[in-house]
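Worksheet: one structure, shown below.
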Amino acid sequence: MNAQQRPAFEADPSNVHPVARVALGAAGVVLVTVGVVLLVLPGPGMLLLLAGLVLLARAVPAFSRYVEPVRLKAMEGVEASVASRWRIAGSVLAGLGLIGAGVVAILVPSLPLAGWPTGLSLILSGLILLGLLIWSHRRVHGTRG
């Protein structure tokens, strides 16, 4: 579906319980905040920003107007991330490097800032990177089978 065929995002908070609206709003604010931070730092900033805006739009319909422009920018980023074999290879190496660094941080606690919290966060970051890369590749290039 291209942008002209896709209907605009519309949130309908009338069927959402008030407690759920507060929870969706809080989760949306957290995701938007982390997404904005990751726009500057390495990470899937636009995708988290999009997810946060979708949640916020479910809680507060006024945010619905921001979802579509952010979705378009996020999908441009998704397409760019898997545009060439070199980018894919670099992303895979970065993900494997994060996982390897996490394993080292767990196994060698004498390193500065090492330990299981650091190691697990590095491993989780690498797995998220690889998962998003697979998702992006399937979304852009389709599954081959």
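When ALA89 is evaluated against the numbered criteria (1) in contact with a Leu (Cβ under 7 Å, 6 or more places away or on another chain); (2) within 18 Å of TRP135 (Cβ to Cβ), which criterion, by number, is the only one it fails?
It fails just one condition, (1).
Yes/no per residue for (1) more than 21 Å from the chain's Cα centre (by Cα); (2) modelled with pLDDT of 85 or more:
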{"residue": "THR33", "(1), (2)": "no, yes"}
{"residue": "SER81", "(1), (2)": "no, no"}
{"residue": "SER84", "(1), (2)": "no, yes"}
{"residue": "ALA89", "(1), (2)": "no, yes"}
{"residue": "ILE106", "(1), (2)": "yes, yes"}
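Which is without any contact (Cβ under 8 Å) to a residue 60 or more places away in the chain and in contact with a Gly (Cβ under 7 Å, 6 or more places away or on another chain), of LEU113, LEU107, LEU50, LEU55?
LEU55
How many residues does the range 31-45 contain that are loosely packed, with under 13 Cβ neighbours inside 10 Å and farther than 22 Å from GLY95 by Cα?
So the answer is 0.
What number of residues in the range 108-123 are modelled with pLDDT of 90 or more, within 18 Å of GLY97 (Cβ to Cβ) and within 26 Å of the chain's Cα centre (by Cα)?
6
Take the conditions exposed (fewer than 13 other Cβ atoms within 10 Å of the Cβ) and within 18 Å of MET46 (Cα to Cα) and apply them to GLY142. Does it pass?
Answer is no for this residue.
Is it true that VAL60 is surrounded by 13 or more Cβ atoms within 10 Å (Cβ to Cβ) and within 25 Å of ALA26 (Cβ to Cβ)?
yes
Any residue in the range 20-27 that is under 11 Å from the mean Cα position of the chain (by Cα) and at pLDDT below 90?
No, the range 20-27 contains no residue that is under 11 Å from the mean Cα position of the chain (by Cα) and at pLDDT below 90.
Restricting to the range 105-127, what's the tally of residues that are open to solvent by 70 Å² or more (accessible area, probe 1.4 Å) and of a type in the set (A, V, I, L, M)?
6
For the range 1-19, what are the residues that are modelled with pLDDT of 65 or more and in a loop (DSSP other than H, G, I, E, B)?
Selection gives VAL16, HIS17.
The values are calculated or read from the model by the stated rules, or taken from the named source; none is laboratory data. Note that the coordinates shown come from a computational prediction; the quantities given were computed from them, not determined experimentally. FYI the Cβ positions are ideal-geometry reconstructions off the backbone, even for glycines, and counts take in every protein chain you see. For accessibility, only protein heavy atoms count, side chains too; no ligands or nucleic acids. Shrake-Rupley method; radii C 1.70, N 1.55, O 1.52, S 1.80 Å.
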